1. Provide a whole-number value for the mean count of partner chain Cβ atoms within 10 Å of the Cβ atoms in peptide A:259-272.
2. If I take every Cα pair under 8 Å that is 6 or more residues apart in chain A, average their sequence separation and divide by the length, what percent do I get for the relative contact order?
3. How high is the relative contact order of segment A:46-265, in percent, with contacts defined as C-alpha pairs under 8 Å that are six or more residues apart?
4. What FRET efficiency comes out for the pair residue A:606/residue B:243, r = Cβ-Cβ distance, R0 = 51 Å, nearest 0.05?
5. Determine the gain in length on full extension of the stretch residue A:109-residue A:577; use 0.36 nm per residue of separation and subtract their C-alpha separation, reporting nm with one decimal.
6. Figure the gain on full extension for residue A:425 and residue A:98 (residue separation times 0.36 nm, minus the Cα-Cα span) and round it to one decimal in nm.
7. Tilt of helix A:110-132 relative to the longest C-alpha principal axis of chain A, in degrees (0 to 90, nearest 10)?
8. What ranking, highest mean first, results for peptides A:569-582, A:69-82 when packing means the other Cβ atoms within 10 Å averaged over each residue?
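Derivation of every value follows stated rules applied to the coordinates shown; laboratory data play no part. As the structure is a prediction and not an experimental result, all values here were calculated from the model. Don't worry about glycine lacking a Cβ; one is built from the backbone with ideal geometry, like all the others, and counts go over all protein chains shown.
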């Protein structure tokens, strides 16, 4: 078949930034203006403000990692200050120690020390992550609190780390012969680090790997079914966040030229989290806003509150805590969305490259090949037998419907077939291989894809991006290529495939709309497009026609007939009799967990047991 | 180390472990019913000890004014909601609790002679601090009660940070140690057991038995257990999750404050001591998987004993040892769990 040509023909000519006056305020121009302001700041501003900006930049780097971890990934860490400490102490020890072992002498200057610090941090983060990330989300923060406290006490007690009085005499950074020994000079390095970190984070989020990360918050079950390794995605963002913090610590040590334990305690870690929340967890640039607000406010409150209360102490924490509670109650997205409204920068609509090479496709199985087979499947829940000795099979190039009255055990059967649940006895074969006990990710690899009875989408992402998650397994580009934009050719192919599937199911008009803005019926169709984007040979659809209008049902029916013509095997669980009877090749009827009839739609409709048990009950 | 020292260390460990056990039970309870990871639990301990100390010095503690302020604020919120057409049922009763009760308590404190018996002081401390629990739930958690565990956790941390700052404001940077409940000493072989240690262990045990009776026998206790298992189911049976939340916070505050009163004579408590004490309760609660009460209590005793032995061997590293204890626990838990779950 000539799929490539057909794809090119149906692709819409969408895309391109809008022209006109608004383009002056494109995000690129705003960024250029921001960099220009930063570049001249050290020339114009007095020392005090430069120092403040240096600290804001350092804090923003740490907060940026938390934006990725907390705002995007839905995880959090209170141990970020400890990672800052690892970066700072590593370089402090390496660059000041007089007695380094011979094998470590090469690392006795700032740049190699940065490398060592990042390596140590990544190792610690990998260990902590592998301990906690497989557990429920709240174990990571609790684990990081414990890690943060332990490390803080280690810093304070170990002799080689200078104890509570710390280490001094850290040399300045030497950048190609330029010695950065003044605040005005290291300013450039700090903000360059920050901008690079922010831009690479933004790139990362806008990629195959980034969609997997963005699916962590509220879409893990779906993402796993699309073949995404969610544990790996969690680990990726945790390690990245830790390394941002360590790099900030390295800069901090060479800015201060002195380290002691106090800036690396758990309470400072909490402050970084506050910055991410205030700025807008989930907004890359919000990290800078949040770091700015908290740092400046802290400066101001530390001057002002002790005068009000007539006592000395860190009273700003009272205000910060209350502020956080109010923000989480009233404006959970933080300040960045409010700021973004003031400057209406035009986002660019995603360009779909219609000339991108189509993704490779797997060969479809020959018509008539048995794709999925359930043999004597029984599933018990305690005393309840939800599926009893069920047998069924689906062939390539046919549509099989599984029907039955409410409570017949259809959904349980669907779970056995899709690998979500494991049968008590019996087995499920997919292309001859048993899938019992395999996770949904492995099953996605084999070429089975599914929709969900209760729609599982990422409502804030566009229709295009949601469907692109379906094509996750058809790409290979990983974290670093994504962050550095070496993935664009593959990304164009993935987006083209997603656009083609959206077009195919008839949602082209909504390509760039937020998925959550679609009507329920359209969301179900979107799920089919997402499943198709994975290039499956078997499609499992759980009540795809529910919530659809007549015309939409007819279009869905046509689509399924077309897919059948291409050799796909389709199994659907459905309630809508008219829809099923006009469309499918064979029907399996269940009641009380058992198969009571199987055959052509016409035969089944005349079967007295079916009439009595199912249709008779409805009439 | 000889056997005598080991016995003394174990005895110390069990005493502090008993307090950690109370806190761990409260933490498991709060998490089960409301999904809140209750970081401020430790602040109730510090507030309890320091409020008691201030009462003993004949001063009116600042926590009283915190109670008045939170009460007035809660009353304002309820009033605004009622004016906007919200529920008016129970408004009078809630005004009684939020405004009249704190003011009456303030009047009582000013009217009473400064010197009182230790039991009266403890009762006053509880009367001031326990109502902070449900008020805190009302003001901070109830508006985000349907949020994710993560949002609730950040709220907890924010409250913790505020409470530490307020603690510094109310009590100052100086630590306090209150006189013991009893001066009795018992000798068992080489061991000397102080009356206060007996108080701590007996009171903790009594409280655990009381809680068990409450959850096993009383209707409210059963309703809380039902809420922990299935929030919506409990709601459909007519048990309001808001009420469940407030009741849970009453219990958590009570346990925290009582723990503070009990340990105040044993160790010097500062305004920020609560955090570490609460976290040790957490270590125990994590050992119980944030779900099992008996395992959490046993874990708490382990934490207490480990702490007392490590402070003998390497006192500088005792916190490191205690918090590293959760690592093997996490390893074990992560090896036994494979489930991919959606955030609530």
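1. Averaged over the peptide's residues, the number is 1.
2. It rounds to 17 percent for chain A.
3. 42 percent
4. That pair, residue A:606 with residue B:243, gives E of 0.35.
5. So the chain would gain 161.0 nm between residue A:109 and residue A:577.
6. Going from the current span to full extension adds 110.9 nm.
7. So the helix axis and the longest Cα principal axis differ by about 40 degrees.
8. Listed from highest to lowest mean packing, they are A:69-82, A:569-582.
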